[in-house]
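Student: Quick one: this structure, given as structure tokens, is what I'll be asking you about.
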Amino acid sequence: MSELGARLRQARKERDLSIEDIQALTKIQKRYLHGIEEGNYDSMPGPFYVRAFVRQYAEAVGLNGDEILDTYKSEIPVATKATPAPTQASTSRRTYRGGGNRLMEIFPMIVVALFVVAILAIAYLLSQRAPVDAPVDEVGESEIIIETQQPETTPSDEEEEETEESQQEQEPEEQTSQVTITETSTQGENSYFDLSGDEEIAVRIQLTGDSWLSIQNEAGQELLESARVYTAADESVTFDLPAQGTYRVRLGFSDRANVFINDQQVEYPTSSNPRNLFFTWTN
């Protein structure tokens with residue numbers, strides 16, 4: 001195992017992630033991930049993909065991908081460019097493309113000509129249509145007959161008041177959250193908040209991309225499945241806090257999730273991955 005592979009594997013183990021979790025986060029095949037950890041790059045498509053896969057792996061376990069590439073650049077293959085010699089087949093293809101370019105030059109003129117012809121044809125058809133409008137007097141008589149058959153009635157003041165009262169009874173009153181969210185401090189990857197005001201607290205995590213999440217109480221007990229990988233297809237994860245106390249919400253990728261407390265969005269920095277949000281709920 002190379003030094004680079006050992007470093008990445010150690011970071012993965014510290015975050016309690018499996019190779020399958022890294023594959024779900026990065027969309028890189030497991031055999032390539034194993035190759036990176038073992039320092040075996042022969043099975044990969046080429047040096048360019050090796051660098052891209054290493055960067056994605058590093059960022060998935062919370063490391064800086066560019067720093068990892070620079071630190072272990074002696075272990076990573078370097079991509080080289082080779083310019084193939086021109087052949088007769090390539091020359092003939094260039095000649096064919098030249099003919100295609102001439103066709104593309106006259107193509108806009110053909111489109112404009114067809115457009116003008118279509119406009120002229122539509123104008124001719126419209127000019128041949130005879131207007132069919134009912135005489136003004138006949139329309140007026142028709143309206144008078146309808147008015148005599150269905151006379152307009154105006155509701156009384158009492159009926160209007162009853163209608164307004166029934167509408168007011170049917171309209172539900174908007175319930176607004178009374179929870180107060182106060183940020184107390186931020187230290188590194190940890191941000192601390194105080195919650196107060198509501199008798200019930202719900203945490204909702206809206207996902208915009210793949211990320212792993214966890215929620216712990218102050219005793220360290222996992223309230224969600226530990227380090228499970230959620231995707232944007234899950235849309236959101238909602239959890240009702242069982243009682244007052246301190247809870248930790250851990251986001252694998254803080255820039256891929258928005259956190260809400262009783263539908264109020266929590267503002268926090270997304271400069272580090274993972275990010276820990278500590279909520280202390282009191283009345």
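The values are calculated or read from the model by the stated rules, or taken from the named source; none is laboratory data. On a predicted model such as this, the values are computed, not experimentally measured, just so you know. Neighbour counts are summed over all protein chains in view; Cβ atoms, including those assigned to glycine, are modelled from backbone coordinates with ideal geometry. Quick note on the areas: whole protein, heavy atoms, side chains included, nothing else; ligands and nucleic acids left out. Shrake-Rupley method; radii C 1.70, N 1.55, O 1.52, S 1.80 Å.
Student: Please specify each residue of the range 25-49 satisfying the condition of being crowded, with 17+ Cβ neighbours inside 10 Å and either at pLDDT 90 or above or in contact with a Ser or Thr (Cβ under 7 Å, 6 or more places away or on another chain) (or both). Even if it seems obvious, please write down each step before you answer.
Tutor: If we filter the range 25-49 for residues that are crowded, with 17+ Cβ neighbours inside 10 Å, which is where we start, we get 25-26, 28, 32-33, 35-37, 41, 44.
Passing the criteria: Leu25, Thr26, Ile28, Tyr32, Leu33, Gly35, Ile36, Glu37.
Student: For Leu8, indicate whether it is closer than 18 Å to Asp210 by Cα and either surrounded by 15 or more Cβ atoms within 10 Å (Cβ to Cβ) or in contact with a Gly (Cβ under 9 Å, 6 or more places away or on another chain) (or both).
Tutor: Details: closer than 18 Å to Asp210 by Cα: no; either surrounded by 15 or more Cβ atoms within 10 Å (Cβ to Cβ) or in contact with a Gly (Cβ under 9 Å, 6 or more places away or on another chain) (or both): yes.
It is false that Leu8 is closer than 18 Å to Asp210 by Cα and either surrounded by 15 or more Cβ atoms within 10 Å (Cβ to Cβ) or in contact with a Gly (Cβ under 9 Å, 6 or more places away or on another chain) (or both).
Student: Please go through the range 71-83 and pick out each residue that is open to solvent by 90 Å² or more (accessible area, probe 1.4 Å) and either on the phi > 0 side of the Ramachandran plot or modelled with pLDDT of 90 or more (or both).
Tutor: If the condition is that a residue be open to solvent by 90 Å² or more (accessible area, probe 1.4 Å) and either on the phi > 0 side of the Ramachandran plot or modelled with pLDDT of 90 or more (or both), then Thr71 is the only one that fits.
Student: May I pose another question? Give the residues of the range 177-211 that are exposed (fewer than 12 other Cβ atoms within 10 Å of the Cβ) and either hydrophobic (A, V, I, L, M, F, W, C) or not in a loop (DSSP other than H, G, I, E, B) (or both), sorted by residue number.
Tutor: Quick first cut of the range 177-211, residues exposed (fewer than 12 other Cβ atoms within 10 Å of the Cβ) only: 178, 182, 184-185, 187-188, 199-200.
Matches in the range 177-211: Thr182, Thr184, Ser185, Gln187.
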